[in-house]
Amino acid sequence: MSPSVCRRPFVLDDGADEVAVIAAHEEGLRVLRGVLRRVWVDVISDLPWPVQVQGAVRALGQLAERRHCGQIDIEVDVDDDEQFELVVAVSPFTIALEGWSEADEEIYSASDTGCGLWLALTPAEEAEFRRRLTECGAEPDAVISQPPRRRR
């Protein structure tokens, strides 16, 4: 995952609480919606789906059936409000979700049933994202700049 020149990578802080984790997944997608062009989601979780997202899981399963694909790599139309909100709902709980920009850069990745979140944000998107986290009652510092990888 390599962000473009004007985007910086961010990840969940290891100490983020459940409210912050869910808000970070949901608000990250909402902030990036205007630049997302392709989104794929796996309707699979390592844990039972929470009650509040079971309707979204069923709807995504029906979408997969209509498209004659399985529960993995369901492509969602980000311009369709209903489909987009289904993805927002399951993002904190799925094993995999990817969002790509028009420039064919991955800018959003959710994984590991909510434990993994990676997103690439511009400075303006980061400010909006942190504002939205605060409005949701989440700690805005629950998402941190991704530390550089260490070379061995």
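Every number in this text was worked out from the coordinates using simple rules, so none of it is lab data. Not measured: the values here are computed from a predicted model. Because the Cβ atoms are built from the backbone with ideal geometry, glycine has one as well, and the counts that use them run over all protein chains shown.
What to note about this one:
- Candidate set: the stretch 8-20, residues that are in contact with a helix residue (DSSP H, G or I) (Cβ under 9 Å, 6 or more places away or on another chain) and surrounded by fewer than 20 Cβ atoms within 10 Å (Cβ to Cβ); chosen: the one nearest to GLU128 (Cα to Cα): ARG8
- Residues being of a type in the set (S, T, N, Q) and under 9 Å from the mean Cα position of the chain (by Cα) - total across the stretch 59-117: 3
- Among residues of the stretch 86-144, those that are among the small types (Gly, Ala, Ser) and touching a helix residue (DSSP H, G or I) at 6+ places or on another chain (Cβ under 9 Å), counted: 11
- Residues within the stretch 58-91 that are buried (at least 19 other Cβ atoms within 10 Å of the Cβ) and outside any helix (DSSP H, G or I), tallied: 3
- Among the residues making up the stretch 21-35, a single one is surrounded by 15 or more Cβ atoms within 10 Å (Cβ to Cβ), of a type outside the set (Val, Ile, Thr) and not in a helix (DSSP H, G or I): ARG33.
- Filter pass, ILE107 being more than 20 Å from ALA23 (Cβ to Cβ) and either crowded, with 17+ Cβ neighbours inside 10 Å or aromatic (Phe, Trp, Tyr) (or both): no
- Filter result (of a type in the set (D, E, K, R) and buried (at least 19 other Cβ atoms within 10 Å of the Cβ)) within the stretch 36-57: ASP42
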